[in-house]
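None of the figures in this text is laboratory data; all of them are computed from the coordinates on show. What you are looking at is a predicted structure, and each value in this text was computed from that prediction instead of being measured. Glycine gets a Cβ as well: all are built from the backbone with ideal geometry, and neighbour counts include every protein chain shown.
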Amino acid sequence: MSQEIEVKQLKDKIKYYENIINNMSAPVIPSVVPGTILIPIAGYMFKERFDMIQTKALQYAGDNRDTEQAIFDFTGVSVEDVVSFDYNDLATEIFKLNSSLKLMGIRPMYVGFNPRFVREIVHAGIHVEIETYVSFRAALKRLLQESNQSLHTIGWILIAFFFFFKPN
């Protein structure tokens, strides 16, 4: 095999794996709460990744017009994962994400920020107006309270759905 062909095959393989990583790095998961999606975020943060997260969230919302809330879960992001990301830049990216979703009529919510991460943002004097909760569960509980539902009610709805629409 010639060296050119081998280099092309390796480049194609790298592109293939980069695509897999991009698709897995910010999945959009429909929640049991109607109109709500979860976007779990874990690992190393950088500007291009934040752009991709924003693009995926907006694309999903555009394709699924019943989306009313988007919960971004930062539980899997450690302080080490944002070390090379300037906190001003990170706050700017969160602000852009927040603003973009609000323009589409979607309520953005954020959960799971690391205490040190929060301290660094506050210490840097960065002010970002966002709705935050300590956990995904706390955010869902708030949404259920606002709609006068409970996880118990949602559970019975899901049981009824699966009883009447059993997959073959």
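Could you give the length gained on full extension between ILE20 and ASN148, defined as 0.36 nm per residue of separation minus the Cα-Cα distance, in nm?
42.1 nm
So what's Rg/Rh here for region 65-105, counting alpha carbon atoms and using the Kirkwood radius for Rh?
Values: Rg = 12.7 Å, Rh = 11.9 Å.
A ratio of 1.06.
If R₀ is 35 angstrom, what is the calculated FRET efficiency for the pair ILE126 and ARG65, using the beta carbon separation as r and rounding to 0.05?
0.60
Roughly speaking, what % of Cα-Cα pairs in region 19-112 are separated by over 15 Å, rounded to a whole number?
58 percent
For VAL134 and THR92, calculate 0.36 nm times their separation in residues minus their Cα-Cα distance, and state this gained length in nm to one decimal.
13.0 nm
Of LYS11/LYS96; LYS15/LYS56; LYS15/LYS102, which pairs sit farther than 23 Å apart, going by alpha carbon to alpha carbon?
LYS11/LYS96; LYS15/LYS102
With a Förster radius of 25 Å, plug the Cβ-Cβ distance of SER99 and LYS47 into 1/(1 + (r/R0)^6) and report the FRET value to the nearest 0.05.
Plugging the Cβ-Cβ distance into 1/(1 + (r/R0)^6) gives 0.95.
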